[in-house]
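Report on the following structure.
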Amino acid sequence: MDWLNDRAQFVTLDEIIGNESDDGLKVCVTFDDGYLDNISIGIDIFEKYNIPITWFVCPKFIKDRNHIPWWDLVSFICDKKKKIGYLKVGNMSVDLSKNISQFRRIARQKFMADRKTRDKFYRELRAACEGSVEVPMNAFADSSTVHAATNSEWVELGAHTATHVNAASESQDSFAEEVHLGCEQLKKWSNQSVDWFAYPYGGGDHISAASQDIVRQHGFTGAVTTMPGYVHERNDNFTIPRWTVPTSWGITKFKSSIYGLHATRNLGKIKKKISNLFWFDG
Ligand SMILES: [Zn+2]
């Protein structure tokens, strides 16, 4: 953020849409899900550099700190693969010390499926490893931290469904309810309006036309994805691209990505100018 602060202007989501200008790089910072360290580590940094953030929070994990999300459960099991050893869940049996990538693949498939399949797999997976290891609490914020964060001038809450569902594998009614319940809970915690939505998982495979319509009809200002790209005036406000910054990136990768992004954006502008020239000449 220190490095970015010297090169870009931090803006809110409201400020970034429909506002393509030539005056330098504008960056909007968002966090998904509701992990405590987004705020416990972040808040001093947001304040120091004047960074308004949108925090897309999923209430399920805030309300039930004993419910570790499936992706953290899978990571935890992978970390403890030696201690757990052999894992048998339903018709899946895996020797974790040999086939960790197979386990990851099957787990991801199950958890991206319909609600019944993923709930059953979650219960069985937890039960299967709890014999040899103790599954920790999740690393999310609690509701009082969420409330306190929204009282600061840096944090705006955004909706992310009630239980982090994949819109593509959810019925339309169920997805609509997920959007509604997730949003209402955040309004209660913050006493503020919730104007932005982030599709859980957020890739092209996780967003259907029907789910976009549901989000649009709910009355949000717009919605963000995890499809990479920069925001320009031709974006639809309900499929706004974002660049994911994985924890595996070091600062060098981060810098080169931002520079690459900026260069691509400028190249796009030059191309547009060139094609305009041809257009007028023709
Ligand atoms: Zn998420």
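The values are calculated or read from the model by the stated rules, or taken from the named source; none is laboratory data. Computed from a predicted structure; not experimentally measured. Cβ placement follows ideal geometry from the backbone for every residue including glycine, while neighbour counts extend to all protein chains displayed. Just so you know, the surface numbers come from the protein's heavy atoms only, side chains and all, with ligands and any DNA or RNA stripped out. Shrake-Rupley method; radii C 1.70, N 1.55, O 1.52, S 1.80 Å.
Computed values, structure above
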| item | result |
| --- | --- |
| Counted residues, the stretch 60-79 - those being in contact (Cβ under 8 Å) with a residue 24 or more places away in the chain and part of a helix (DSSP H, G or I) | 12 |
| Ile77 vs. criteria touching a helix residue (DSSP H, G or I) at 6+ places or on another chain (Cβ under 6 Å) and either over 23 Å from Ser193 (Cα atoms) or more than 16 Å from the ligand (Cβ to nearest atom) (or both) | yes |
| Test for Cys183: is it in contact (Cβ under 8 Å) with a residue 24 or more places away in the chain and farther than 24 Å from Gln109 by Cα | yes |
| In the stretch 118-161, residue modelled with the lowest pLDDT [restricted to those that are open to solvent by 50 Å² or more (accessible area, probe 1.4 Å) and in contact with a Ser or Thr (Cβ under 9 Å, 6 or more places away or on another chain)] | Asn151 |
| Scope the stretch 194-235; condition touching a residue at least 40 places away in the same chain (Cβ under 8 Å) and in a loop (DSSP other than H, G, I, E, B); matching residues | Asp195, Pro200, Tyr201, Gly202, Ile207, Ser208, Phe220, Thr221, Val231, His232, Glu233, Asn235 |
| In the stretch 15-38, the residues that are within 16 Å of the ligand (Cβ to nearest atom) and not in a loop (DSSP other than H, G, I, E, B) | Val29, Thr30, Phe31, Asp32, Asp33, Tyr35, Leu36, Asp37, Asn38 |
| Any hit, the stretch 193-203, residues being away from the ligand (no atom under 16 Å from the Cβ) and among the polar types (S, T, N, Q) | yes |
| Test set (1) touching a residue at least 60 places away in the same chain (Cβ under 8 Å); (2) open to solvent by 10 Å² or more (accessible area, probe 1.4 Å); (3) within 15 Å of the ligand (Cβ to nearest atom) - Val57 fails condition number | (2) |
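To keep it simple, each residue is scored yes or no on (1) surrounded by fewer than 19 Cβ atoms within 10 Å (Cβ to Cβ); (2) not assigned by TED's automatic domain parsing to the domain that holds Gln172.
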residue	(1), (2)
Trp196	no, no
Tyr199	no, no
Gly203	yes, no
Ile207	no, no
Ile214	no, no
Val231	no, yes
Ile240	no, yes
